[in-house]
Amino acid sequence: MELKGRTVLLTGASGGIGRAAALRLAAAGARVALFARTEGPLAALASEIAARGGEAVAIAGDVTRSGDCAGAVAETTRRFGGLDALVNNAGIGYLRGLTEATDEEIDRMVDVNLLGTVRMTRAALPALLGRPGAAIVNVGSMAGRLAPVNYAYYSATKFAISGLTESWRRELGPRGVRVTLLLPAAVETPFLERADRARALGIGPAGTVLRPEQVADALLRALRRNPPDLYVPSWNRVFAWFDVIFPGISDRVMNALFRYPGRKR
Ligand SMILES: NC(=O)c1ccc[n+]([C@@H]2O[C@H](COP(=O)([O-])OP(=O)(O)OC[C@H]3O[C@@H](n4cnc5c(N)ncnc54)[C@H](OP(=O)(O)O)[C@@H]3O)[C@@H](O)[C@H]2O)c1
């Protein structure tokens with residue numbers, strides 16, 4: 001899809017990957033509907049985009065509320081005359097052991113990461129159908145293909161995103177809506193601190209930390225070329241493949257990478 005003049009609704013736009021993607025999208029000539037809960041940073045980002053000659057609208061809302069999702073789609077189409085692409089990027093993560101996580105933390109991750117993507121996509125689909133080159137990008141995670149220790153509940157939501165993206169791709173592709181799964185490794189955003197950096201990162205390749213701009217570039221590639229999935233970095237596909245073919249060896253490798261000697265927790 002050529003991005004110039006196309007309308008993209010982006011969730012989780014107020015910070016991290018979403019903010020970087022919004023700036024990149026606007027610079028490429030897309031009209032961007034910025035969605036997140038906190039109004040201040042969204043409005044500031046919309047002004048920044050306008051000051052650079054781009055087009056953006058800030059829409060405050062919560063993906064855990066169906067009404068907010070429907071309202072975001074209505075406001076986007078009212079403002080820009082239609083919707084060409086949806087990026088489901090809003091997400092949260094708590095990295096906890098099996099009995100460590102609270103019920104509220106588990107519920108919250110399911111509600112935002114999984115059900116938030118479902119709500120927004122169901123709200124947006126009628127507007128996307130019939131638009132030439134329409135696209136959906138779901139921001140999953142490498143942890144949605146391969147789950148290290150302490151990632152169980154977060155990974156469960158991201159494995160769910162992998163599954164529903166694969167099925168939606170096969171359901172919607174023939175109807176003219178291309179669906180892509182984006183699978184980033186760890187990214188330097190506030191998410192990493194909130195999730196617990198010491199647990200999030202391993203050693204060696206498991207310690208790779210991307211810049212949000214690298215993921216934003218991949219996200220634009222996903223919208224332009226509509227691949228089925230996109231790993232960032234691309235060589236992570238090999239680790240995902242290895243985990244499926246050799247799960248026993250992968251257990252030992254993953255625990256060596258994430259629980260190396262001297263590690264405090
Ligand atoms: N950072 C990483 O290491 C990493 C790695 C792989 C995948 N990811 C995925 O990438 C995506 C973006 O993460 P990030 O690193 O950019 O995180 P971030 O910096 O914490 O940003 C998260 C964004 O989501 C929004 N958000 C959170 N809850 C929301 C809700 N209920 N409704 C609407 N918006 C909500 C936040 O804004 P408000 O708080 O204002 O709502 C914020 O704009 C997530 O899906 C995450 O799982 C992150």
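The values are calculated or read from the model by the stated rules, or taken from the named source; none is laboratory data. None of these values were measured; they are calculated from a predicted model. All Cβ positions, glycine included, derive from the backbone under ideal geometry; neighbour counts span all protein chains shown. Just so you know, the surface numbers come from the protein's heavy atoms only, side chains and all, with ligands and any DNA or RNA stripped out. Shrake-Rupley method; radii C 1.70, N 1.55, O 1.52, S 1.80 Å.
Key figures for this structure:
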read-out	value
By average C-beta atoms within 10 angstrom, highest first, the peptides 243-253, 7-17, 154-164, 52-62	7-17, 154-164, 52-62, 243-253
If the convex hull is drawn through the Cα atoms of segment 161-265, its volume per residue in Å³	119
Longest to shortest principal axis, alpha-carbon extents of the chain, angstrom	56, 39, 33
Hydrodynamic radius by Kirkwood, which averages 1/r over all alpha carbon pairs of segment 66-221, in angstrom	16.5
Solvent exposure of segment 73-204 as accessible area per residue, Å², 1.4 Å probe	41
0 to 90° range, to nearest 10: angle between helix 152-172 axis and the chain longest Cα axis	40
Most to least packed among 25-31, 38-44, 139-145 [average Cβ atoms within 10 Å]	139-145, 25-31, 38-44
Karplus-derived 3J(HN,Hα), 6.51/-1.76/1.60, for each residue of segment 48-59, Hz, glycine and proline x	4, 5, 4, 5, 8, x, x, 10, 8, 10, 9, 10
Carbon/sulfur fraction of accessible area - the chain, other protein chains in place, 1.4 Å, %	54
Acute angle (nearest 10 degrees) that the helix 66-80 long axis makes with the longest principal axis of the chain, alpha-carbon atoms	50
Length-normalised contact order for segment 178-258 - Cα pairs under 8 Å, 6+ apart - percent	43
Selection from Ala240, Leu210, Leu223 lying farthest towards where the dipole of segment 197-265 points positive, charges on Cβ	Leu210
